[in-house]
Structures are given as C-alpha cells and as structure tokens.
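Each value in this text was obtained by applying a stated rule to the coordinates, not by laboratory testing. Computed from a predicted structure; not experimentally measured. All Cβ positions, glycine included, derive from the backbone under ideal geometry; neighbour counts span all protein chains shown.
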Amino acid sequence: MPSNSNEGFARLLHHHSKDLDQGAPVNPAITLSSVYALPDGPEAEHRYGRWSNPTWSALEESFTILENATALAFPSGMAAIASVLCSVLKTGDRILLPADGYYTTRIFAEHYLARFGVTVDTCPALEFGKRDLTGYNVVLIETPSNPRLDLIDIADVAARSHTVRAVLVADNTTMTPLGQRPLDLGADIVVSSDTKAINGHSDVLFGHVASRHQDLLAGVRDWRSLAGAIPGPFESWLVHRGLETLEVRLQRMCSNAQSLAGHLAMKESLVEVTYPGLPSHPQHDLASRQMALFGSVMALTFPDEGSAEDFITRCRLIRPTTSFGGIHTSAERRARWGDDVPRGFVRLSVGAEPLEELLQALDEVL
Ligand SMILES: *Cc1c(COP(=O)(O)O)cnc(C)c1O
C-alpha cells in the first residue's frame, strides 16, 4: 500500500493561512467580479473573469498540493473530461475508453469526438491488461470500474501507453488522490468529478484536471478560457470548504465500507458482495498494491429486482439517489440506467454515519 498518500494534506489545510498580512482574513474570499482594475495596461494576475478568478485560484492551489501536480478547476467533472479530450485530440486520432467506465464520457466521445474525425474504441476494464495499445493517441482509464468494481493495473497501462506514445488519462473520481495516485503510477493526466467525495456534501457539481506535463495543461487551460467552461466563485468556495474535511470523511467512509462489506458478505439474502478490500475480490492483490484506500463504493447483488428495490427503499439510513461519495449512505439499482449488470445489482455508496447505527439499519432490512 503506498505509504505517503496523505503527504501534503496537513500542508493543504494550512496553506491559505500562511504569510498573511496583519488582520487579513484567513479564509479565501468569494470574489464576485467579472472585471479587474487595469489602469496601467492589461498586465495583471487577474484581468477578466473567463481567464481567472481569485476564488478558483485559491482552490487550484489546494488541488495542486493534493495532487502534487498543477491543477485546473472546472464547473463539473464532465467539463474537466471534455476539456482534456478536446484539447489533446485532433482529427484522425484514436482514443480508447473503458466500456464499463462513466457512461457520459463514452456518450460525449461518440457524439462529438467521432463527428470531428476521432476514432472511438472501448475496452472493458478487465481486458486492458491484454489490449494492444498500438495506434492510440489517448488511453483513458477508470479504476475501479463503475459499477462493477473491476480494476485496471495503472502502472502497467501507463508503461504500455508510453511505449506507443499515447497520453494516459485516469479518471480518479471514485478514489480521490488520498485513495489512489495515478500520476505517481505513470498516468499523464488525472481528471476528477469533485461532485463526488472531494466536495462530499452532495450540494455542488465541480471537477478538476491535474498533470505534471505543463504543455498538456496549457492546452487544457486555453480550452477552458476559449470555450468558457469556467467554475463559479461560490461553487469554488464550497468545494474548498468541502475539501478541507476530505481526509477525515474518506477515512470514515472507507473504514465503514470495509466493515460493512465483511458483514454483508455473510448474509444469505445476498448473492454477492463486491468490494476491492475484501480478500474474496478477484483482484484484491492488485487493489492492495495500487490503492491506499479501498474506497467507499461497493456492489451488492440481490437475487432479483424486487428484493433490491425493497432494500433501498426500506432502509432508514439509505438515500435512494444516484451518484456516490457523499457523507450520506446512498444506493441505487444500476440496471435502471441501462448498465450491463443483473437486475438485482445495487451500487452502495457508504457514507460517514456512525458504523454501529449503519450496521443496525442494514440488519433491520436484511
Ligand atoms: C460523476 C462522474 C463524472 C462526471 O462528473 P460530473 O461532475 O457529474 O460532471 C465523471 N467520471 C466519473 C467516474 C464520475 O463518477
């Protein structure tokens, strides 16, 4: 298990309160301004609201510490992903996407990238290991896959992507940099939907891109300024506030998930419990190698649709919502969205509730 995943988090917490002037506020302000004073010419840190804003800059500094790589903020995870794909790819290029990754990324590629002459191919998470990457310009991975929680060996795909000069993009939404560090394992760019665990309170959409390749990042930054996919100052401030408790929330959520997975795995009423932290997960060894935490998401397979829906609606500590990574435990039956899973397959996103109460609430309905 990587040992220094939390390196920098304490620094992140104190970053904005260092070297302040006497009497200065210690928290970043919400700056609502589209224009900036430029009496002496257009040279200044901030010039126009589509190019930069002090509230997002403050958040980007925190993301940069978190990722140990330069980071750019976006108004949603999809805006972050679209900016990377649109700025890196050109006509005639080829991209490989996970067949079982975030659905909207695939739809975006098939609707728009294909129209501009990019060939879009897909591959299930479990087949990346043997897939020939020759000819691809961009390879995008998501591990664990969602919702089946299959893993991709990041270091292996990174090495093979670089042999064929492909840019490796990792969607690290489910894990966050505290749970898994794709850039350290060789990925060139990380994209994240901060709508999930990073903000953590299910009240804002947000995203970011991080990379140690300044040339790639410059293209992403230009794309953001030109296309106008910019975050609002208030949302940036909310994410900054959420981010400060990420480490405590995630520790609790992941340890809750580990306990729950072990507990639920013994229930006769479930066909299967899938969680990378369980020794019964077929890729538990890989999980232990590349993940610092095993995550807050698990899959529960019920015998049928009825028992799955019953579990979700009757449990008093489960919110019947889509999405994951929030502090409130939530669940949904993924076949509702057309995922290629059994009808009784439930994605459970474990929250930060006290463990004893959560166990009791689940026992009441199982
Ligand atoms: C939610 C999600 C996205 C999209 O993020 P939005 O903030 O909803 O735009 C992308 N990738 C993954 C893995 C996600 O879970």
- Query: Among the numbered criteria (1) under 22 Å from the mean Cα position of the chain (by Cα); (2) more than 30 Å from Gly186 (Cβ to Cβ); (3) not in a loop (DSSP other than H, G, I, E, B), which single criterion is violated by Ser307?
  - Reply: (1)
- the stretch 290-310 - residue that is farther than 18 Å from Leu260 by Cα and without any contact (Cβ under 8 Å) to a residue 40 or more places away in the chain and, of those, surrounded by the most Cβ atoms within 10 Å (Cβ to Cβ): Glu309
- Unmet criterion (only one of (1) of a type in the set (S, T, N, Q); (2) outside any helix (DSSP H, G or I); (3) touching a residue at least 12 places away in the same chain (Cβ under 8 Å)) for Ser83: (2)
- Item | Filtered residues of the stretch 86-139 (kept if in contact (Cβ under 8 Å) with a residue 40 or more places away in the chain and of a type in the set (Gly, Ala, Ser)) | Ser87, Gly101, Gly135
- Message: For a quick check of your reading of the model, give me the residue pairs whose first member lies in the stretch 193-204 and is farther than 17 Å from Glu142 by Cα, whose second is within 10 Å of the ligand (Cβ to nearest atom) and outside any strand (DSSP E or B), with beta-carbon atoms closer than 6 Å and at least 6 apart or on different chains.
- Response: Asn199/Phe206
- Name the single residue, out of those in the stretch 88-112 being surrounded by 21 or more Cβ atoms within 10 Å (Cβ to Cβ) and of a type in the set (Gly, Ala, Ser), that is farthest from the ligand (Cβ to nearest atom). Ala109
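Report whether or not Leu300 is outside any loop (DSSP other than H, G, I, E, B), in contact with a helix residue (DSSP H, G or I) (Cβ under 9 Å, 6 or more places away or on another chain) and more than 15 Å from the ligand (Cβ to nearest atom).
yes
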- Message: If I go through the stretch 339-366 residue by residue, how many of them are assigned to a loop (DSSP other than H, G, I, E, B) and touching a residue at least 24 places away in the same chain (Cβ under 8 Å)?
- Response: 11
- Ala71 meets each of (1) crowded, with 17+ Cβ neighbours inside 10 Å; (2) within 12 Å of the ligand (Cβ to nearest atom) with one exception, condition (2)
- Query: Out of the stretch 268-279, which residues are of a type outside the set (A, V, I, L, M) and out of contact with any strand residue (DSSP E or B) (no Cβ under 8 Å at 6 or more places or on another chain)?
  - Reply: Glu268, Ser269, Pro276, Gly277, Pro279
- Of (1) touching a Pro at 6+ places or on another chain (Cβ under 7 Å); (2) away from the ligand (no atom under 16 Å from the Cβ); (3) in a loop (DSSP other than H, G, I, E, B), Pro25 satisfies all except one. Which? (1)
- Would you please name the residue that is nearest to the chain's Cα centre (by Cα), looking only at residues in the stretch 174-198 that are in a loop (DSSP other than H, G, I, E, B) and near the ligand (Cβ under 9 Å from one of its atoms)? Thr174
